[in-house]
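*Asks:* Before I ask anything, let me first share the structure, which is written out below as structure tokens.
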Amino acid sequence: MSSDNDLEPPDHAPVATDDAGLHGGDATGSGLVAEKAKRLQKLTDIRESGGNPYPYRFDRTCTLAELRAEHGALEAGTETEVEVAVAGRVMLMRDSGKLIFATVRDRDDEVQLFVSKAVIGDDAFAALRDLDLGDWVGVHGTVMTTRKGELSVKVQQFELLSKAVRPLPDKWHGLTDTDTRFRQRYADLIVNEEARRSFRVRHEIIASFRRTLHGRGFIEVETPVLHVEAGGAHARPFITHHNALDMQLYLRIALELHLKRLIVGGMERVFEIGRIFRNEGISTRHNPEFTMMELYQAYGDYSEMIEITERLITQAALDATGTSVVTVHGPGEASLEVDLAQPWRQARMIDLIEEAIGVPVHPSQPLEELRALAAQHGVACAPRWGTGKIIEELFEATAEHRLVAPTFVTGHPVEISPLARVDRNDPFLTERFELFIGGREIANGYSELNDPVEQRLRFEDEQTAKDLGDDEAATAIDEDYLRALEYGLPPTGGLGIGMDRVAMLIAGVHSIKEVILFPTLRPEVF
RNA sequence: GCCCCUCUAGCUCAAUGGUAGAGCAGUGGACUUUUAAUCCAUUGGUUCAGGGUUCGAGCCCCUGGGGGGGCACCA
């Protein structure tokens, strides 16, 4: 506990935090300070009468969902002899004199407590009436239904399990202020069903991915988060420092290069679901730390990666929501119902550009021709860009936003795909794909480049390109990775999927912050 | 980094530049089948902070801060 613990009674509190009643609130009013003071006084009263407002444990006989599963079908007005012990947080209380109805909630369900003064006695009844919304309670009682048919526990005994000293947000409207929702996620989860649902969906998706991959013989591994070189993608890294080694380290921006080392080592099928870090802007689609799933499969190529991508995501939707139908949002207000179980479109990047602008393009075209075309479509080209980079920019400017229904964009130019293998039918393109749904990039995969000589040349081309631009310091060539390739990387297919974006898609939410429990925010000023 | 929007009671929201209000939560009271219980009464505010304009600012202007959206960045 820190020394500025705000649970101190107000007359001792050295610092006001969000207690706006610092000047006006007192124990006789109903500001936050007064409210907390009242509840703290209850703690004192409980202790003085020999009770413990924070007991060590409570043994339930069942969860509320189990209770409902077993007794949910009882007819209205039924009393049973079935004794249960259940626990949860008090969310609502309805006091009608000598009866109190309280709604308690545990992780997965809610149930009503039926409390009769005649059953539990005057003292216990008064103590129960003294509970506050937000308190945790454990109760012993019998299963019943009310006249209206509400499944209830008729309370024989109850026990305060933990006192809530701070009041809950509005019981009906919950929390709507995004700032508060993200900073105080605990409060968001307590009062907003939608928030609980999104994170449940996220969990089910990740669990589904693991099941699918285990079923296909993939081994889950963990590779370093601290990298000597931030490779495997182009993004600005977070930089940190190791004291004992007195060296600069980077938080990883991709999983790729370590996982492929494991394929060199003969592990054949590996995957990792892990946090990666990119020191870029924050938006509805970007958080500085986010979760990537990458997998690598020996003897496979990009076509198998396309198949497994489709399978993983469709199965995850089914497992998380019970349906493969999702609603995707295109540009503007338009939305589209998509059944992920239907086959997904595949199209080459250059063909999608032609579709959009009516002119064929190819990285073998003269640079000046592509520059002119780019200019026509409002793409400002940097001098160092080659034909491949211009084609990618053209794609982003003219075609990408149209890809609302799931689409595998394939055949990225070699120039922008330094770790992907050249297309067996076109030396200017790679065997690569990116999956777009709702105009958002969801996944990226390819046939892995496994020729160590060619890989070194590609890295060197990257270096040259970076040296020409003044963007960021060029990442040094990863010599250890090249050494690994020299031992022999078998033919391999690789895939990366942005888990947060999959969760957004399947949960049907519009911001990445809705699927990240604690999104990155500026620190709160206390 | 740039542009737009936003910030009022613990929460959800009102308030032509003219006395800051309501609902919920809280407090007191009534009620033995409620369901956001209901009914009666009632407490609670440095309107994000600091400046300015004005007889008068929650409201208009400036600066700063938090958040949201968009752009840029993000192969």
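Values in this text are rule-based calculations from the coordinates and carry no lab data. Quick caveat, the model's predicted, so the values are computed rather than measured. Glycine gets a Cβ as well: all are built from the backbone with ideal geometry, and neighbour counts include every protein chain shown.
*Asks:* Just order A:364-377, A:383-396 by mean Cβ neighbour count inside 10 Å, highest at the front, would you?
*Replies:* A:383-396, A:364-377
*Asks:* What is the set of long-range amide H partners of A:ALA420 at a cut-off below 5 Å, with H atoms built 1.01 Å from backbone N?
*Replies:* It is A:LEU449, by chain and number.
*Asks:* Sticking with this one: Residues with amide H under 5 Å of A:ARG440's amide H, sequence separation 5 or more or different chain, H placed in the peptide plane at 1.01 Å from N; which?
*Replies:* none
*Asks:* Step through the residues of segment A:74-89 one at a time and calculate ³J(HN,Hα) from phi using the Karplus curve (6.51 cos²θ - 1.76 cosθ + 1.60, θ = phi - 60°), rounding each to whole Hz and writing x for Gly and Pro.
*Replies:* 4, 6, 4, x, 9, 10, 10, 9, 5, 8, 9, 10, 10, 9, x, 9
*Asks:* Average the reciprocal distances over every distinct pair of alpha-carbons in segment A:290-379, invert the result, and give the Kirkwood radius in Å.
*Replies:* About 16.8 Å, per the Kirkwood formula over Cα pairs.
*Asks:* Another question about this same structure. Angle between the Cα long axis of helix A:32-48 and the longest principal axis of chain A, 0 to 90 degrees, nearest 10?
*Replies:* Helix A:32-48 and the main axis of chain A meet at about 60 degrees.
*Asks:* What percentages make up the Cα-Cα pair-distance distribution of segment A:390-436 when the bins are 5 Å wide from 0?
*Replies:* Going from the shortest bin to the longest, the percentages are 5, 23, 27, 25, 15, 5.
*Asks:* If you don't mind, another one. Would you mind classifying segment A:375-467 by shape? Square roots of the alpha carbon gyration tensor eigenvalues, ordered a ≥ b ≥ c; an a/c under 1.5 is rounded, otherwise it is prolate if a/b is larger than b/c and oblate if not.
*Replies:* Oblate shape, in that a/c is at least 1.5 and b/c is the bigger or equal ratio.
*Asks:* Roughly what percent of Cα-Cα pairs across chain A reach past 45 Å?
*Replies:* Every Cα pair in chain A considered, those over 45 Å come to 33 percent.
*Asks:* Order of A:SER152, A:SER116 from fewest to most other C-beta atoms within 10 Å?
*Replies:* So the residues, fewest neighbours to most, are A:SER116, A:SER152.
*Asks:* Related question: With a cut-off of 8 Å between alpha carbons and a minimum separation of six or more residues, what is the relative contact order of chain A in percent?
*Replies:* 12
*Asks:* Related question: When the scattering of segment A:307-444 is computed by the Debye formula from its Cα atoms alone, each counted once and equally, what is log10 I(q)/I(0) at q = 0.15, 0.19, 0.20 Å⁻¹?
*Replies:* Computed log10 I(q)/I(0) values: -0.77, -1.08, -1.16.
*Asks:* Would you count, across chain A, every pair of lysines whose alpha carbons are under 20 angstrom apart, provided the pair is eight or more residues apart or spans two chains?
*Replies:* Close lysine pairs found across chain A: 11.
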